[in-house]
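Note sheet for the following structure.
Derivation of every value follows stated rules applied to the coordinates shown; laboratory data play no part. Just so you know, these numbers come straight off a predicted model, no measurement behind them. Cβ atoms come from the backbone with ideal geometry, glycine included; neighbour counts cover every protein chain shown.
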Amino acid sequence: MNLRKARVAGLLLASVGVVAILVAHWMVVFWVPTEASMGVVQRIFYIHVPAAWTTFLAFGLVALASLAYLWLGDDRADAAAVAAAEGGLVFGAIMLTSGPLWARVAWGTYWTWEPRLTLTLLLWFTYLGYFLVRGSMADPRKGRRFAAVVAVFGSLNIPLIHVSVSWFRSLHPEAVVIKPEGPTLHPDMLATLLTSLGGFTLLFLGLFSLRYSVEHASRRLQAARFRESTGVSP
Amino acid sequence: MIQRFCVLLPLLPTDPVLLLAQEVGRGALRPYLHVFAAYGLFWVLILFWVWRIARGLKQLQGFHEERHSDAD
């Protein structure tokens, strides 16, 4: 796909995503019923869960693109990994700030070192480390390769986070949507959650496409400038 | 003065500002504040990423214009 198309597709996806998120916000304020035991604060659920899903999608993409980079050595795969990692950090920050705000009212504390929270924080810091490793090497190619390895190993944490609530004793509630017997959520709550989930996914994919096009174009430009000044390809 | 206050006393609970103050005192507005903060932070972080991408695009445009002016 050429970069102009990626940019147009990105803008389109992000715009549809924003509209879906605004519709979900309207549903959260005016339509969805208030949860009986937690009350109003449970409405954070409609951004916390989609943010978590988008974070895992983004970091999963980083791992796939990094695997492709390690295998094929294609610079486009590395650019895609960087774009997805940036998105993962942003959506991860949303998840890690909305969760404590919910927990303070529901559990009486902002943070507790229970398995899911600890593993999720570890995942976020792993991908922060991904950027630090990239920048810490004198040879940029070496830095990219090491960072790709970090991304691949870091992604092994994602399935562990998903099963942590059933494997370990945890304050975190069990899954209410992805269950063998089907979702156990009130239909209106499920509709609101799915609208928000769709909006978050489209917004992420849109901004990811835009970020990828910028990253790829700037690398091409840098390579062209290097060729012009030295006469050899980087 | 006291007599006037006693006359006004039954009207006090209907004053929305006083009712709000009572709610704040009881901490009943805390869940609303947390929901508002969570949704606000969401938009701040998204706009931060959009700003970073827009800045990258602007820099690219700058480089392109610079190269074109050099070529001319």
Practice problem: Would you work out which of B:Leu41, A:Gln222, A:Phe125 lies farthest towards the positive end of the dipole of the protein assembly as shown, given +1 charges on the beta-carbon of Lys and Arg and -1 on that of Asp and Glu, about the Cα centre? | Solution: A:Gln222
Exercise. Counting other Cβ atoms within 10 Å, keep those with at most 13, restrict to DSSP loop, and tell me which GluC sites (Glu not before Pro) in the stretch A:142-228 are left.
Key: A:Glu174, A:Glu181
Exercise. Apply 1/(1 + (r/R0)^6) to the Cβ-Cβ distance of A:Ala175 and A:Leu3, taking R0 = 51 Å, and write down the FRET efficiency to the nearest 0.05.
Key: 0.85
Practice problem: Quick one, can you get me the convex hull of the C-alpha atoms of the protein assembly as shown expressed as volume per residue in Å³? | Solution: 205
Quiz item: DSSP loop chymotrypsin sites (Phe, Trp or Tyr not before Pro) in the stretch A:73-156 with at most 15 other Cβ atoms within 10 Å of their Cβ, which ones?
Solution: A:Trp107, A:Tyr110, A:Trp111, A:Trp113
Exercise. Report the relative contact order of the stretch A:1-126, percent, no decimals, based on alpha-carbon pairs under 8 angstrom and at least 6 residues apart.
Key: 22
Quiz item: All other residues with a Cβ under 11 Å from the Cβ of B:Ala37 taken together, and with Lys, Arg as +1 and Asp, Glu as -1, what is their net charge?
Solution: +2
Quiz item: Among A:Leu67, A:Leu207, A:Leu171, whose mean-square fluctuation peaks in a Gaussian network model of chain A (Cα, cutoff 10 Å)?
Solution: A:Leu171
Self-check item: Estimated FRET transfer efficiency (B:Leu29, A:Trp111; beta-carbon r; R0 22 Å; 0.05)
Solution: 0.45
Quiz item: What percent does the relative contact order of the stretch A:126-167 come to when contacts are Cα pairs within less than 8 Å and at least six residues apart?
Solution: 37
Quiz prompt | Kyte-Doolittle mean at least 0.5, axial Cα span of 27 Å or more - DSSP H helices of chain A | solution = A:3-26, A:45-72, A:75-106, A:115-136
Quiz item: Straight-line reach from A:Lys142: which aspartates and glutamates have Cα under 17 Å away, leaving out those fewer than 8 places along the same chain?
Solution: A:Asp74, A:Asp75, A:Asp78
Quiz item: How far apart, in nm, are two points set 7 Å out from the Cα along the Cα-to-Cβ line at A:Leu194 and at A:Ala224?
Solution: 4.6
Self-check item: Stokes-Einstein D in µm²/s, Kirkwood radius over Cα pairs - the stretch A:1-135 at 20 °C with 1.002 mPa s viscosity
Solution: 126
Quiz item: Which is farthest toward the positive dipole end of the stretch A:1-124 among A:Val41, A:Ala103, A:Leu22, measuring Cα position about the Cα centre, with Cβ charges +1 (Lys, Arg) and -1 (Asp, Glu)?
Solution: A:Leu22
Self-check item: Relative contact order (%) - criterion: Cα under 8 Å, at least six apart; region: chain A
Solution: 36
Self-check item: Most fluctuating residue given options A:Ile44, A:Ile178, A:Ile161, as computed from a GNM of chain A linking Cα atoms under 10 Å
Solution: A:Ile178
Self-check item: Average projected area [Cα convex hull, the stretch A:187-232], square nanometres
Solution: 3.1
Quiz item: Could you name the lysines in cross-link range of A:Lys5, using Cα to Cα under 30 Å and dropping any fewer than eight places away on the same chain?
Solution: B:Lys58
Quiz item: What is the distance, in nm, between label points placed 7 Å from the Cα along the Cα-to-Cβ direction at A:Met137 and at A:Phe153?
Solution: 1.4
Practice problem: Rounded to whole Hz and in sequence order, give me ³J(HN,Hα) for the stretch A:169-174 from the Karplus expression 6.51 cos²θ - 1.76 cosθ + 1.60, θ = phi - 60°, writing x for Gly and Pro. | Solution: 6, 9, 6, 5, x, 6
Quiz item: What is the calculated FRET efficiency for A:Leu122 to B:Asp15, with r their C-beta to C-beta distance and R₀ = 45 Å, to the nearest 0.05?
Solution: 0.30
Quiz item: Tell me, Kirkwood radius of the stretch A:52-107 from alpha-carbon pair distances, in Å?
Solution: 12.1
Practice problem: Please build a GNM for chain A, connecting alpha carbons under 10 Å apart, and tell me which residue among A:Gly108, A:Gly87, A:Gly99 fluctuates the most. | Solution: A:Gly108
Quiz item: Between the stretch A:140-209 and the stretch A:47-71, what's the alpha-carbon centroid distance in Å?
Solution: 9
